[in-house]
Structure formats: C-alpha cells, structure tokens
Amino acid sequence: MNASELLKIKDWLIGGARSSTVASEMFSDLCERLIAAGVPLWRVGLFVRTLHPDIFGRSFLWRQGAEVVIGTADFDFQDSPEFRNSPLAIVFREGREVRYRMDDPETNRFPVFDDLRAEGVTDYIAIPLLFMDGSVHASSWTTKQPGGFTTSSSPH
C-alpha cells in the first residue's frame, strides 16, 4: 500500500471530500482512491441508521466496476432472517469487528457468504462505525486477493 496516497485520502475525507457532490459519488470516489493506493477491494458496504420514523437505515454498496447501489431498510429488517443470519447483525448488536476468511468452515453459518464465495471473495471484514450519540453503524469490506487481506492491505 502507498502510505502517502492513504494520507491524501485521509486529508480528502477530513476536508469534506469536496470533489464529490452526492453521497454515492463520494463513496465511489473513496473506494477508487483506496484501490489506487493499493488496498485490494472488491466490494464495500456502508450501512447507516437514519432518524426517519419509518426507515431503519440506508445502505450503500460499491462493487468494483459498477455503480453504487443505494437501498433502504425499514425497522422490520432487524428481525428478518436475512439480517439475523448475517455477520452485520453481530456488528450492530455487539458493536465489534468481525472478520471471516471465506475458506473458514465457520462461514457456512452465514448465507450471504455463499454469494461472496461464488464471486471469488477470499476475505470479509465488517467494522462498526460508532457515532458520538452511541449509535452503531457499520461498514463491510471484501477482497478477492489470494489469501485475503494482509496486515498491510487491511482497510482498518
């Protein structure tokens, strides 16, 4: 990874990512800049709770070579099997990082990993984003790099 490029990304973020005018563009720019700095990303997700009375949260999903997909989830989503049987449920419930290499038999308990393995993903990391009000949001990061993320290529 290129440390000087990572510092430029940090400065860009601290400066408000002004070159991006909408959230999806900023998210895409961030992922592309991280790849240019040597972080081997394939798919990145950002999951942010909202203050809306009917919407639990918004998701932003970036995949290399594709447009950012934006979704919403209502409050019932928290009780859905899709969410309860996902590694993100652990992040939201416990506020802690989870990491799984796709060749680990433990990943079989999460159906979402079947799709990721089919895409060639080798490693998955989900990281809590802890806001000052105590709320937990999350990001997830995947790579297709053989052997997964290394200490020097991990997104955190």
message: Between I90 and N2, what's the calculated FRET efficiency when r is the beta-carbon distance and R0 is 22 Å? Round to 0.05.
response: 0.10
Potential extension, V48-S24 segment - 0.36 nm per residue separation minus Cα distance: 7.3 nm
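Report the gain in length on full extension from A118 to F77: 0.36 nm times residue separation, minus Cα-Cα distance, nm rounded to one decimal.
12.3 nm
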query: Taking square-rooted eigenvalues a ≥ b ≥ c of the alpha carbon gyration tensor, is the stretch 106-156 rounded, prolate or oblate, where a/c under 1.5 means rounded and, failing that, a/b exceeding b/c means prolate?
result: oblate
Sequence of R63, R96 when ordered by accessible area, the most exposed leading, probe 1.4 angstrom: R96, R63
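Can you tell me the accessible area per residue over the stretch 1-74, all protein chains present, probe 1.4 angstrom, in square angstrom?
Values: 4300 Å² over 74 residues.
With the other protein chains kept in place, the stretch 1-74 gives 58 Å² per residue.
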- line: Probe 1.4 Å, all chains present, heavy atoms only: I14 accessible area in Å², nearest 10, is 130
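Any idea what the relative contact order of the stretch 24-134 is, in percent, if you count C-alpha pairs under 8 Å spaced at least 6 apart? Present the calculation step by step, with values, prior to reporting the outcome.
Numbers: 132 pairs, mean separation 19.6, N = 111.
In percent, rounded to a whole number, it is 18.
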query: Which value, in debye to the nearest 20, gives the size of the charge dipole of the stretch 1-134 about its Cα centre, when Lys and Arg are +1 and Asp and Glu are -1 at the Cβ?
result: 360
- request: Can you send over the solvent-accessible area of F75, 1.4 Å probe, protein chains only, in Å² to the nearest 10?
  value: 90
task: With a point put 7 Å past each Cα toward its Cβ, work out how far I70 is from Q145 in nm, to one decimal.
output: 3.0
statement: A 1.4 Å probe over the protein heavy atoms gives the stretch 70-156 a carbon and sulfur accessible-area percentage of 53
- line: In deg cm²/dmol, rounded to the nearest 500, the helical mean residue ellipticity at 222 nm of the chain, built from -39500 (n - 2.57) for every DSSP H run of length 4 or more, is -8500 deg cm²/dmol
statement: Binned at 5 Å from zero, the C-alpha pair distances of the chain give percents of 2, 9, 16, 21, 23, 16, 9, 4, 1
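The values are calculated or read from the model by the stated rules, or taken from the named source; none is laboratory data. Because the structure is a prediction, the values reported are computed rather than measured. Using ideal geometry, Cβ is built from the backbone for each residue, glycine included, and neighbour counts are taken over all protein chains shown. Protein only, heavy atoms only, side chains kept; ligands, DNA and RNA dropped before computing areas. Shrake-Rupley method; radii C 1.70, N 1.55, O 1.52, S 1.80 Å.
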